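The values are calculated or read from the model by the stated rules, or taken from the named source; none is laboratory data. In this text the structure is predicted, and so the values were computed from the model without any measurement. Positions of Cβ are generated from backbone atoms using ideal geometry, with glycine treated the same way; all protein chains shown enter the neighbour counts. For the accessible areas, the whole protein counts, side chains as well, though only heavy atoms, and no ligand, DNA or RNA atoms are used. Shrake-Rupley method; radii C 1.70, N 1.55, O 1.52, S 1.80 Å.
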Amino acid sequence: GTGSFLEEAAIETMGLGMESIADIAILGLRPPNFNDQCAAFISSDIKTASHEGLSREDIVAGLVYSVCQNYNNRVKGNREIGNNIFMQGGVCYNRAVPLAMAALTGKKIVVPPDPGLIGAFGVALEMKRRLNSGLIAAQNFSLQALRDREIEYEKSFVCHGGKEKCDRKCEISRIRIEGRIYPFGGACNRWYNERYNIDLDAAKLNLVRKHEDLTFDFSDKPPVDLPTNGKTIGLNKSFFIDAYYPLFYDFFSRLGFQVILPDHPAAAGIDQKRSAFCYPAELAHGFFLNLLDKAPDYLVIPQVKGTLVPGGANDNCTCPISQGEPYYLASTFSNHQTIKKLTSEKRLLKPVLNFSASTYSIKQSFVELASLIGVSKGAANAAFEEAHKLFERLQKERAEIGRDFLSRLEEDPERFAVVIFGRPYNAFVTEANMGIPQKIASRGIEVIPFDFLPLAPERVTESMYWSSGQLILKGASLVARHPQLFPCYISNFSCGPDSFLGWYFREQMGRKPFILLELDSHVADAGLETRIEAFLDIIRNYRQLERQKILPPVKIKPRAARYDLEKRVFIDSQGRSHAFDSPQVHLIIPSMGARVNEAAAAVFNGIGIRTSALAPADEEVLKLGRGNSSCKECLPLQLTLGSLIKYLRDRDQDNELLVYFMPTAAGPCR
């Protein structure tokens, strides 16, 4: 999409045609640094540069450099490159792009005569490799017949959902080839299956939908008949309500309240968000407005500090965006009549709950919450006991489904399944996961949420303090070992915890293929379909190569250094111990403000530990950090990493034992 990005940005902001970009860019003398911004932000940057008086030639040159920086930082990343660099793709018809790449890398760039067609040769070579490996069987095709076919487009129609009773109402295109009509498109594989007479029950294969039903569908398991008080309590269908709704529902129902949820995320609510929130927070705004319009008698928006992790650490926490929900929603919609009324009557409740604590502690929090709505301590205690029993029954039912699933899967070693990873509010609810589980299930592959699997025995690193991080890494540990399970990780753009968690997840998976899908309100079905199709194809090839024992060897992990505070020694990667005050040990502190790192360096030097404070980060440091990270991490991580790399590159002493003081870049400082 690089060429398309260049073309659209040039036309939309400067009115330049694609064929004019190269000649104008080459004339640029001082191109601005647009860095590697995506299309959503580049237009604003271009307009700002124009208002600041930069020439058109420099702006276009900066635009060209931005796509090369994007490739270097986000695609190549920290992979090493050699001296013979081959550049292909239609974007190379724009000669300014390989020139910019040569300037950025300092290497010779080789561009073939027809760069846009080289991909076809790659396909041919890949087909030859697969034939030789036995991955596919040889067949005959007539290129002339393919070329001469009569093709015309027919009128599209809206899908009615079929036996799955889907209500997405996808627009289905139709194409006529040699007199036969082929329907295609939509959010799932239904019409592909129709074309090839593939009969399967996608709903039965989609256990993620079962997860959602167990959480929200209580039509067959209502609480015992109790008199109602005629009052309603509103809960927002967002964040950890998507995990603990059964507990809230049963608790409040037993106290005589009718629990109401929003029906759908209102677009007007999403439009009122006051910051560039992640997709789940956008949905929270939309749901909240819909809930306010229902005018409940009470409104409960909990701040969930930690969640239950079977067999995990009790001390964990959820992300700041989810914890902050009760406060930014109340502020955003402060002028809504329902908020005004409930606030004045003290019926807008924001309890702080920690589900990683003991059951007794959780019960006390619910009892305190009940006192705010006029319920006695005794009634609240009894209601919580029963509600907690329901919640535990549902947990056991999920575990039973997971055991049955694994048992059935392992009976047939030829089958494989996809495990959906993520959080309850972005991976296991239909309004947020964009139908990804159904897209996979409609291709005949069973899909299961990772928390249905037996996670309690799995271990997780003690340094992982995110609640969801602990659960996800437990699941990753199990899936990485199981030969028939392959993970699909659903994340969201701008997710701070996932920008770090992704590295741990990749490390757990080793060479096993997995797919990471980042979602927001702009992601389209077509792109998801393509990536899912490719992912399933890769899994099939991987399993076949694994059976033939021709997979590449796993890379050996480098040995790490560590330190022992009690013994005051630094242990290098060879296992040798060195006292902290050894002249060979060098403590490096990155810039965290002149007073902080210089004062800290003085303190350590004062107690005999050789310490240096690095200079404030500059643009070179930022580029080094971005080039050796995924570019999704927060800015402090990129700056501290870049500072370390620059120091290692420029230092005079090669045999020192370096200790780098790196502050935690996300979450509580540990």
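Below, the figures for the structure above:
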| read-out | value |
| --- | --- |
| Relative contact order (percent, whole number), the chain, Cα cutoff 8 Å, 6+ residue spacing | 10 |
| Within straight-line cross-link reach of LYS155, lysines at Cα separation under 25 Å, skipping those fewer than 8 residues along the same chain | LYS163, LYS165, LYS169, LYS439 |
| Accessible area (Å², 1.4 Å probe, nearest 10) - VAL585 | 0 |
| Overall Cα dimensions of the range 196-316 - principal axes, largest extent first, Å | 54, 43, 38 |
| Out-of-range pairs (alpha-carbon distance over 28 Å; input LYS47/LYS107; LYS305/LYS632; LYS294/LYS474) | LYS47/LYS107; LYS294/LYS474 |
| Between the range 77-122 and the range 363-383, the alpha-carbon center distance in angstrom | 66 |
| For TYR563, distant residues with modelled amide H under 5 Å away | ILE571 |
| 10 Å binning of all Cα-Cα separations within the range 450-503, expressed as whole percents from 0 upward | 22, 55, 22, 0 |
| Heavy atoms of ILE538: accessible area, 1.4 Å probe, square angstrom to 10 | 90 |
| Positive-pole candidate from PHE391, ILE26, ALA187, dipole of the chain, charges at beta carbon | PHE391 |
| Cα pair distances in the range 319-402, grouped into 5 Å bins until the bin that holds the longest one, percent each | 3, 12, 16, 17, 17, 16, 12, 5, 2, 0 |
| Full-stretch length increase - ARG79, LYS294 - with 0.36 nm per residue and alpha-carbon distance subtracted | 72.0 nm |
| Area of ASP525 that stays accessible when all protein chains are in place (1.4 Å probe, Å², to 10) | 40 |
| Where trypsin sites (Lys or Arg not before Pro) fall in DSSP loop in the range 202-289, at most 16 other Cβ within 10 Å | LYS231, LYS273, ARG274 |
| √(5λ) per eigenvalue of the Cα gyration tensor, the range 4-152, largest first, Å | 36, 20, 14 |
| When the convex hull of its Cα atoms is projected in every direction, mean area for the range 337-465 (nm²) | 12.1 |
| For the range 234-257 versus the range 488-519, the gap between their alpha-carbon centres in whole angstrom | 30 |
| Accessible surface, 1.4 Å probe, highest first, among residues ARG459, ARG651, ARG149, ARG393 | ARG459, ARG393, ARG149, ARG651 |
| Percent accessible area from carbon and sulfur atoms, the range 300-412, protein chains only, probe 1.4 Å | 51 |
| Evaluated over the range 438-584, the Cα radius of gyration and Dmax, each in Å | 19.6, 64 |
| Debye log10 I(q)/I(0) at q = 0.21, 0.28, 0.30 Å⁻¹ for the range 599-655, Cα point scatterers | -0.82, -1.03, -1.08 |
| Solvent-accessible heavy-atom area per residue, rounded to whole Å², over the chain at 1.4 Å | 52 |
| For the chain, the longest site-free run once chymotrypsin sites (Phe, Trp or Tyr not before Pro) in DSSP loop states with at most 10 other Cβ atoms within 10 Å are removed | 197-670 |
| MRE, 222 nm, helices only [DSSP H, n ≥ 4, -39500 (n - 2.57), over the chain, to nearest 500] | -14000 deg cm²/dmol |
| Carbon + sulfur, % of accessible area of the range 134-252 - ligands and nucleic acids excluded, 1.4 Å | 50 |
| Fraction in percent of alpha-carbon pairs per bin - 5 Å, the range 393-488 | 2, 13, 22, 25, 22, 11, 4, 1 |
| nm² value of the averaged projected area, convex hull over the Cα atoms of the range 135-223 | 9.2 |
| Exposure rule at most 16 other beta-carbon atoms within 10 Å, DSSP loop GluC sites (Glu not before Pro): the chain longest free segment | 179-344 |
| Two-decimal Rg/Rh across the range 512-636, once Rg and the Kirkwood Rh are taken from alpha-carbon atoms | 1.16 |
| 16 Å Cα-Cα reach of LYS377 towards lysines, excluding residues that sit fewer than 8 places from it in its own chain | LYS363 |
| Cα-Cα pairs of the chain separated by more than 32 Å (percent) | 62 |
